[in-house]
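Structure record follows, encoded as structure tokens.
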Amino acid sequence: MLNETRVNEFLLLGLSTYPKLWAEFFVLFLTLYLMTLLGNSLIITAIAMDSRLQTPMYFFLSNLSILELCYTSVTMPNILASLLKNSNTISSSACFAQTYLFTLCATTECLILTMMAYDRYVAICIPLRYMLIMNKQVCLGLAAMCWFCGVLNSVIETFPVTLLPYCGPNGVDRMYCEIEPLLKLSCSDPYLNKILMSASAIFFGICCLILILISYVYITAAILRIPSAEGRRKAFSTCASHITVVALYYGALIFMYLRPTSSSSHKMDSMVSTIYCIVIPVLNPIIYSLRNKEVKRSLKKAIEKCFLIACKGLWNK
């Protein structure tokens, strides 16, 4: 029987090869984090304040923005603190907590993107029954299901990881903790964990992507049957932002987990993981605001209202 010493902390090696650039990385990541918080908060505020945006499509968009706030807040504060302290260590309990929350967000995002595709399918393919099918109760139920499945899947995947023995080495090839690199550090064979991770990837990753693609096959066929070019353009414009976000998110995930490993895979893994946990959350509000006139109009009104409130407060002082 092996004399195993329990690892009490892990080393996040995502930026360890660039120690001289940590100050620059801190400024860059802080800027991206603040942009993510501001952009997604504005989207949520605009949807909440504008009665014209109280529709199923924008309800799911607000859920996506809330999710992006959670997504980036799970990883970015610890990354910024590490860069500020010039230390890349994280306690095992904090690492497992980060793994749980990250898995929750990743699972929920796959499901939310699938619900958004279903919403567009009903709106374009069955427009006369849209408000009947996508009523308030159904939307709330679908959103609740997405979050519940995220919590449940995260518990099922993460809890067994915390039970594995870790006796060294303790270097995680990411800027944050997640399941796959932790399994590589276990002293025992994580056979059950790999099965759970594969099952989750198939069900919440591949199956959700297939459902999204099937939805867009029907959506494309319905759009092509619209007689006027202007009608086709308007129908497609309601889907363009969602298609872009799906392509970015699933493109990063597929490249991350389905490409063959190589000698330079550690650096590549860190770069790609940065894209889907840091870059995509800051791009989503930009994508939706640039391609949607209603969102841009509501964002402008929300910003103007916040500015007036701030000016009024300063004037009263």
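Coordinate-derived values only; no laboratory data. Keep in mind the model is a prediction, meaning the values are calculated, not measured. A quick note on method: Cβ atoms are made from the backbone with ideal geometry, for glycine too, and the neighbour counts reach across all protein chains shown.
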Subject >> Point-to-point label distance, residue 51-residue 187, nm (Cα→Cβ direction, 7 Å offset) >> reply: 6.5
Original post:
By how many degrees, 0 to 90 and rounded to 10, does the Cα axis of helix 265-274 deviate from the longest principal axis of the chain?
Top reply: 40
Original post:
Of the residues 51, 82, 200, which exhibits the maximal mean-square fluctuation in a Gaussian network model of the chain defined by a 10 Å Cα contact cut-off?
Top reply: 51
Subject >> Estimated vicinal HN-Hα couplings, Hz - the stretch 175-180 in sequence order (Karplus 6.51, -1.76, 1.60; Gly, Pro = x) >> reply: 8, 8, 8, 8, 5, 4
Subject >> the stretch 9-316, relative contact order [Cα under 8 Å, separation at least 6], % >> reply: 28
**OP:** Under 13 Å from the Cβ of residue 161, count the other residues' Cβ atoms, weight Lys and Arg +1, Asp and Glu -1, and hand me the total.
**Re:** -1
Original post:
Using the alpha-carbon atoms, what tilt in degrees (0 to 90, nearest 10) does helix 136-162 show relative to the longest principal axis of the chain?
Top reply: 10
**OP:** Give the long-range amide H neighbours of residue 178: residues separated by 5 or more places, or on another chain, with amide H under 5 Å away, using H modelled in the peptide plane at 1.01 Å from N.
**Re:** none
Original post:
Looking only at 37, 283, 132, which one moves most when the chain is put into a Gaussian network model with springs between Cα atoms under 10 Å?
Top reply: 132
Subject >> Stretch gain in nm, segment residue 206-residue 247, where the contour uses 0.36 nm per residue and the Cα spacing is subtracted >> reply: 13.4 nm
Original post:
Alpha carbon centre of the stretch 243-257 versus the stretch 14-62: separation in Å?
Top reply: 18
Original post:
Quick one: if the Förster radius is 30 Å, what FRET efficiency do residue 24 and residue 144 give, using the C-beta to C-beta distance and rounding to 0.05?
Top reply: 0.10
Original post:
Pick from 205, 39, 168: which residue has the top mean-square fluctuation in a GNM of the chain where Cα pairs under 10 Å get a spring?
Top reply: 168
Original post:
Rounded to the nearest 500, what is the chain's calculated 222 nm mean residue ellipticity when only DSSP H runs of at least 4 contribute -39500 (n - 2.57) each, over all residues?
Top reply: -25000 deg cm²/dmol
Subject >> Cβ-Cβ FRET estimate between residue 73 and residue 137, R0 fixed at 22 Å, reported to 0.05 >> reply: 0.15
**OP:** Calculate the dipole size of the stretch 52-205 relative to its Cα centre from +1 charges on Lys and Arg beta carbons and -1 charges on Asp and Glu beta carbons; express the result in debye to the nearest 20.
**Re:** 380
Subject >> Hydrodynamic radius (Kirkwood) for the chain, which is based on Cα pairs only, to one decimal in Å >> reply: 21.4
Original post:
In nm, what is the difference between 0.36 nm times the number of residues separating residue 301 and residue 255 and their Cα-Cα distance?
Top reply: 12.7 nm
Subject >> Under-5 Å amide H pairs with residue 14, H placed in peptide plane, nonlocal only >> reply: 174, 175
